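This report concerns only the one structure given below.
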Amino acid sequence: MSADWPASISLGRPTPLGATVVLEREAAEGKTVRGVNFAVFSEHAQRIELCIFDSSGVQELQRFDLHGPDDGVFHGELEGADADLVYGYRAHGAYAPEQGHRFNPNKLLLDPYAREVLGQFAWHDSLFDTDQQDSAAYTLKSRVAPQAEPIRWQRPQIAAADVVLYEVHVKGLSMQLPGLPERLRGTFSALAHPLAIAHFKRIAVTSLSLLPVQYCLSERALAQRNKSNYWGYNTLAFFSPDPRFGNKKNEPSALTQEFQMMVQSLHAAGLEVLLDVVFNHSAEGDALGPSLSLRGLDNASWYLAQPDDPAKLENFSGCGNTLNIALPKVTQFVLDCLRYWVQVMGVDGFRFDLASCLGRQGKSADFDPAAAFFISLRQDPVLSQVRLIAEPWDCGPNGYQLGGFPGRFIEWNDRFRDAMRRYWLGFEVTRGEFARRFCASSDFFQQQSRKPSASVNFISAHDGFTLSDALSYSGKHNFANGEHNQDGRHYELCNNFGIEGATDDATINATRLRVRHALLATLLLAQGTPMLLAGDELANSQHGNNNAYCQDNETAWLDWNFEHETTLKLVQSLMALRKKHALLRHPDWFSANQRQPARARVLWRTPEGSVMQIEDWHHVSERALMCEFYAPHDVHASLAILFNPSPQSCVFKLAEQGWHVTFDSADELALASKQDFSVYAPARSLVLLHRLHASPTQQPEI
C-alpha cells in the first residue's frame, strides 16, 4: 500500500464488479505501478464515495468519489493500492422511503462483492438509516483480496443415481468428535480431518451438504438474548467464508485458504462439497433494519418492495426482505457469486434455501420456472455443470413448487418425509401414497425429462426433529430458544411411543429402535436421492428442540454416542446394499407393465401375495405391502421389499420360490437362508429379499 495517496482516483473500469487488483503496467510517466479497480452497482445513487481505512479498519484515511455511473455502475482505479487494502462505500442520494430510497452517507457500507471482511460487528443505533451518526466504528469493512486463481485439483465424478447426501453443520460435526485436536474443533480444517473423513467413508455418503458457510450476522433480537444464529441463514457477505469456522479467526486470507484446503482434502477422499446458499434474503432485515450493504447502496433495486407501498419490503423469505433476483444486476451478482465458489473455492454445487424466491418475477412476483435466473443458470458454462438442489418452497403466495424447478435441479421432497413418518409412526396414510413416495414421486418429477434422482428423499433435516427425537417426543421443546416455544414447526409428525423424552423403559426403547431402523432402511433403499441428516446414524438428539437455529452448544452439536453402534452398523449395511444392487438406485423410472421388457419394472403385492388392485391402494387400515423390482432384459436380477409397520409380525405369501432374505431391519431373520412360499416379517420392520430367477406379471398403475 502506498504511503502517499493520489489526490484523485482515475476512471478505471465498470467491470468486473468488486475490488480487483490490477496487474503491474506502465503508467503515463513510464514507471511500473499496481492498483486496485473498484466497481459497485447502484441504479439510483447520485454519488458513491470509496472510503479507505488503515490496516486495522479503525481509522478512516481518505475518501474518493467514484466515476460514473455507467449502466448503473460506479467505478475507479486507485493507483498504488494493492491487496489487503481496507475499504468501504458511502452512497449519496435521496432519502425517500416512500419511494423505496434510503440513502444516508453516514452509513459505511460493505462491498457486496467483498472476498474478505474485516472487523468486529456490534449492534448500535448508528447502523440504521434513520440515525445520522456515523456507523463506521460499529460495522464491518471490506478488504481487497489477492488475485484469485481457479482450482486445479481433480473433482470427484459421481453419477446422479449414486449420490447420497449428508447434511452437516461445519461446527456441529466436530465440537465433540472424540480424538480431534482441541484447536481444530468447529473449523473447516476439522471437517477434512482424517477422523471426520473416516466417518464419512464408513457410512459411505458421497456428498457433504454444508449448512451456510458464507459470512452471516446474528439478528439483533438474538444478540439481545445472548444467542447467535448458529445455522447461519442470515448472510451479509456472500463471497466471504464465515470467520466462525476459521482456525485463525482474525485473518481473512487464511480463512479462504483454509476453506480451499478443506475442499481439496475432501475431494481427495472422493467426497463432494455442496453449499447451502441463501439468496432469498440478506441480513439487513425488513424496512426497519440496518443499512450495512445492499440497503444503503440501493434499497429500491436490491429488494422487492410491496406493490402498493414501496416503503415496505416483500417478505417471501419470512426474514424481513426478499432479494430482487429478477433485476439483471442482481441476477449477475448471484451468478458471479456462485461461479466464484465453484472456480476459486472449489465447491461442487449448491442447495438453494427457499428456492422459490429465485423464480419470482414480474409485477405480481409469481413463480416462473422460466425465470431469468433459471435460464441464466442453465446457460452458464460453469454453473450448468454443477449439482443444483432446490428447497422448493418459500413463504410467499403459491410458494410451494415441488416438482416445478427446471433443468438439472433436484429438489427436497417433504412429501417423502411426511409419508414415511406417517407410515411407520402410526398416522393415517394410504399404501398408494407410500408407494409413490418410495418410488421417487413420479407424480411430481416424471416430467420435463426429470429423473428419479430429482427427488431428494429425507426423513429429517436441520429444520425439525432429528430422527431420534421424532421417535422420542410428541411435541416440540424449544423454550431454550427464548421465544416461549412459539418457534419451529407446530405440528411435526412425531410419536414418543408412551413417554416424553429419554426413558429407561426397555419396551419403549426397543420400539423406538425398531422404528428408527425401519425409517432409515426405507430412506436408503428408496428410489431417488437419499439425504441423511448428520447424527441420525448415531441416534443424535436435540432433546426435543425442533428449531435449534440459535443453539450453538451441546444441544445442536453432534453427540458422538457410540452406544448406538447398532444403528451405525445398520446404516453401513444399507449403504452396502444400495451400492451392490443397481435396482435400488436405478437411474430411470420403473414401469408397471410387463410388455416393456426394455425397462426396469416394479410389481406391488398385498401380504397375501396377490397383485395390488385399485381398491387396495386406498385402504387406510391396511398397511403392510410388498414390492418387487425387476431389471430390464435380465431375469436373474430381482429384489423384493416387505414393509410391515404393524406392532405384530406379518406373514407375506410369495408367488414363487427362490427368494432369499438379504436384510432385515429388525435383525430377527436368518439372512441368506432359502425361503419357501412365505416369510414372517417381524413387527415394525423392512425385509429385503433377493431372487435369482423372476418373471413379473402385469399390474395396474398406482
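The values are calculated or read from the model by the stated rules, or taken from the named source; none is laboratory data. The shown structure was predicted, so the numbers you read here are calculated from the model rather than taken from an experiment. Note: ideal-geometry Cβ built from the backbone for every residue, glycine included; neighbour counts use all protein chains shown. For the accessible areas, the whole protein counts, side chains as well, though only heavy atoms, and no ligand, DNA or RNA atoms are used. Shrake-Rupley method; radii C 1.70, N 1.55, O 1.52, S 1.80 Å.
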(message) Can you tell me which lysines have their Cα less than 23 Å from the Cα of residue 653? Leave out same-chain residues fewer than eight positions away.
(response) 674
(message) Between 0 and 90 degrees, rounded to the nearest ten: what's the tilt of helix 414-425 against the longest Cα principal axis of the chain?
(response) 40
(message) Can you give me the accessible area per residue for the chain, using a 1.4 Å probe, in Å²?
(response) 38
(request) Keeping the other protein chains in place, figure out the carbon and sulfur percent of the accessible area of the chain, with a 1.4 Å probe. (result) 50
(request) With 20 Å bins from zero, work out the P(r) of the chain over every alpha carbon pair and list the percent per bin. (result) 17, 47, 27, 8, 0
(request) Positive end of the charge dipole of the chain (Lys, Arg +1 and Asp, Glu -1 on Cβ, about the Cα centre): tell me which of 89, 369, 561 has its Cα farthest that way. (result) 561
(request) Let me know the charge dipole size of the range 476-570 about its Cα centre in debye, to the nearest 20, where only the beta-carbon of Lys, Arg (+1) and Asp, Glu (-1) is charged. (result) 420
(request) Using Cα centres only, tell me the gap between the range 385-461 and the range 125-143 in whole Å. (result) 43
(message) Using the Cα centre of the chain as origin and beta-carbon charges of +1 (Lys, Arg) and -1 (Asp, Glu), tell me which of 188, 344, 163 is placed farthest towards the positive end of the dipole.
(response) 163
(request) Please work out whether the range 523-649 counts as rounded, prolate or oblate from its C-alpha gyration tensor, where a ≥ b ≥ c are the square roots of the eigenvalues and a/c under 1.5 means rounded, while otherwise a/b larger than b/c means prolate and anything else oblate? (result) prolate
(message) From the helices alone, meaning DSSP H stretches of at least four residues, give me the mean residue ellipticity at 222 nm for the chain, per-run term -39500 (n - 2.57), in deg cm²/dmol to the nearest 500.
(response) -5500 deg cm²/dmol
(message) Using just the Cα positions, wrap the range 316-359 in a convex hull and report its mean projected area in square nanometres, one decimal place.
(response) 3.5
(request) Determine, for each peptide in 282-295, 300-313, the mean count of other beta carbons within 10 angstrom over its residues, then list the peptides with the highest first. (result) 282-295, 300-313
(message) If amide hydrogens are placed 1.01 Å from N in the peptide plane, which non-local residues have theirs closer than 5 Å to the one on residue 678?
(response) 654
(request) Could you tell me what fraction of 2.2 N^0.38 Å the Cα radius of gyration of the range 1-160 comes to, as a two-decimal ratio? (result) 1.15
(request) Classify the range 184-233 as rounded, prolate or oblate, taking a ≥ b ≥ c as the square roots of the eigenvalues of its Cα gyration tensor: rounded when a/c is under 1.5, otherwise prolate if a/b is larger than b/c and oblate if not. (result) prolate
(request) Kindly flag which residue pairs out of 141/227; 329/451; 141/171; 363/451; 171/227; 248/569 have an alpha-carbon separation exceeding 27 Å in this structure. (result) 329/451; 363/451; 248/569
(message) Tell me the net charge near residue 176. Cut-off is 12 Å between Cβ atoms, residue 176 excluded, with +1 for each Lys or Arg and -1 for each Asp or Glu.
(response) -1
(request) Quote the accessible area belonging to residue 168 in square angstrom, nearest 10, computed with a 1.4 Å probe and with ligands, DNA and RNA left uncounted. (result) 0
(request) Have a look at 681, 474, 228 and report the one farthest towards the positive end of the charge dipole of the chain, computed about the Cα centre with Cβ charges (Lys/Arg +1, Asp/Glu -1). (result) 681
(message) Quick one: 3J(HN,Hα) in Hz for the range 262-269, Karplus 6.51/-1.76/1.60 with θ = phi - 60°, rounded, Gly and Pro as x.
(response) 4, 4, 4, 5, 5, 4, 4, 8
(message) Residue by residue through the range 544-557, what is 3J(HN,Hα) from phi via Karplus (6.51 cos²θ - 1.76 cosθ + 1.60, θ = phi - 60°)? Round to whole Hz and write x for glycine and proline.
(response) x, 7, 9, 8, 7, 5, 10, 9, 8, 6, 4, 4, 9, 6
(request) For the range 438-508, just say rounded, prolate or oblate: build the C-alpha gyration tensor, square-root its eigenvalues into a ≥ b ≥ c, call rounded for a/c under 1.5, and beyond that prolate if a/b exceeds b/c, oblate if not. (result) oblate
(request) Let me know the Rg and Dmax you get for the range 345-497 when you use only its Cα atoms, in Å. (result) 17.5, 52
(message) Please list, in order along the range 560-569, the HN-Hα scalar couplings obtained from phi with the Karplus expression 6.51 cos²θ - 1.76 cosθ + 1.60 (θ = phi - 60°), rounded to whole Hz, x for Gly and Pro.
(response) 7, 8, 7, 5, 9, 4, 5, 5, 4, 5
(message) Quick check for me: using +1 on Lys/Arg Cβ and -1 on Asp/Glu Cβ, what's the dipole size of the range 1-141 about its Cα centre, in debye to the nearest 20?
(response) 100
(request) Only Lys, Arg, Asp and Glu count, each charged at its Cβ (+1, +1, -1, -1), so figure out the dipole size of the chain about its Cα centre, rounded to 20 debye. (result) 1960
